[in-house]
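Undergrad: Got a structure for you, questions after.
Bear in mind these aren't lab numbers, they're just calculated from the coordinates by the rules spelled out. Keep in mind it's a predicted model, so treat the numbers as computed, not measured. For neighbour counting, all protein chains shown are included, and Cβ atoms are generated from backbone atoms with ideal geometry for every residue, glycine included.
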Amino acid sequence: MTDSVLKFWRYEVIPLRDGFFEASSEVLTHARGGPERRRTIEAWAKTTVQMDINCFALRNAEGITLVDAGAGTSWGSTFGQARTAMREAGIAREEVQRVLLTHIHDDHVLGLFDEGTPYFPHAEVLVPEKDLAFFTDPCAWRATPEARRGGFDMAEQLQQIYGPRVRRIPEGAVLAGIEARALPGHTPGHTGYLVQGEENSNLLIWGDTLHLGELQSNDPEIGLVYDLDVQMAARTRQATLELATREHWIIAGSHLTGFGRVRRAAEGGGYQISPV
């Protein structure tokens, strides 16, 4: 399904909700270790955490660009809704010219595949170079706990299925009005995309910098076990929340609902995200 649509200079930005994910609250982590993690879980006071899975369509006169592709139907019948939302927005999969990946995890990459063939038959896939380098490195594979190796499988499938249409990108300008910004920690090459708008209305699509908006903005040291580097992810969250506050950016995330703006909390030294 689609949520609200916003216009940023060249682009109409359409959020596409792909599905809804639920996990045990035991997935919560804390950068200061075990006792603080346990206090966080107790304060959460719920047995589960729940979050959207989103991707985004950017439409302009030159065509269609996606940021991420969701989980497709590989996670079951309750996922893959982004494909329906695209059709409802008048976007055919053949029209998609490129997909910008924030990182190489299942719920961002699986939507690119259709039973071993490209779901987007004409699209290039632009991948942060540091993520692709990590997830194709045999030494990194051996050093990564087995439960966290999904990105290696995704990288292999991506290259097999899209072949020469996979293109590595560095930080910096990737398209007119779109800049790749490194947001490491969740994965080594985790990347956000800054979409240029009018004054004080730039949009940062920040991927998985935060999974739980209210909880993690209030305490950026709270993470989830899906962060490959807990400490770096916490530092990135803190820095990104501060930068978004200072620059008055609108933000959107792979697991947040709708668009928001970040401001400092009145008490406690954290931040708050208010809907736009």
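Undergrad: Determine the gain in length on full extension of the stretch GLU247-THR117; use 0.36 nm per residue of separation and subtract their C-alpha separation, reporting nm with one decimal. Show your work: numbers first, answer last.
TA: Numbers: separation 130, 0.36 × 130 = 46.80 nm, distance 4.11 nm.
That works out to 42.7 nm of additional length.
Undergrad: Show that you can apply the helix-only estimate: for the chain, add -39,500 (n - 2.57) for every DSSP H stretch of four or more residues, divide by all residues, and state [θ] at 222 nm to the nearest 500.
TA: Working: 8 runs with 73 residues, N = 276.
Value at 222 nm, helices only: -7500 deg cm²/dmol.
Undergrad: While we're on this one: Quick check on packing: order 262-271, 38-47 by the mean number of other C-beta atoms within 10 Å, highest mean leading.
TA: Values: 262-271: 14.1, 38-47: 12.4.
For the peptides 262-271, 38-47, the packing ranking is 262-271, 38-47.
Undergrad: Measuring from centroid to centroid over Cα atoms, what is the spacing of the stretch 173-222 and the stretch 121-167 in Å?
TA: Cα centres, the stretch 173-222 to the stretch 121-167: 21 Å.
Undergrad: Further question: Given the stretch 6-275, what percent of its DSSP beta bridges are antiparallel, to the nearest 5? Kindly include the intermediate steps, with their values, before the conclusion.
TA: Working: 43 of 57 bridges.
Roughly 75 percent of the DSSP beta bridges within the stretch 6-275 come out antiparallel.
Undergrad: What list do you get for HIS103, HIS248 if you sort them by fewest beta carbons within 10 Å? It would help to have the intermediate numbers written out before the result.
TA: Working: HIS103 29, HIS248 13.
Taking fewest neighbouring Cβ atoms as first place, the list is HIS248, HIS103.
Undergrad: Estimate the FRET efficiency between SER4 and GLN231 by the formula 1/(1 + (r/R0)^6), using the beta-carbon distance for r and 41 Å for R0, to the nearest 0.05. If you can, show how the numbers build up before the last one.
TA: Working: r = 35 Å, r/R0 = 0.85.
So the FRET efficiency works out to roughly 0.75.
Undergrad: Moving to a separate point now. Find the relative contact order for the stretch 6-275 and round it to a whole percent, using C-alpha pairs within less than 8 Å whose residues are 6+ positions apart. Mind dumping the intermediate values first?
TA: Values: 598 pairs, mean separation 46.9, N = 270.
So the answer I get is 17 percent.
Undergrad: Could you point to the residue in PHE20, LEU204, HIS105 farthest towards the positive end of the stretch 6-275's charge dipole, with +1 and -1 charges on the Cβ of Lys/Arg and Asp/Glu respectively?
TA: The residue sitting most towards the positive pole is LEU204.
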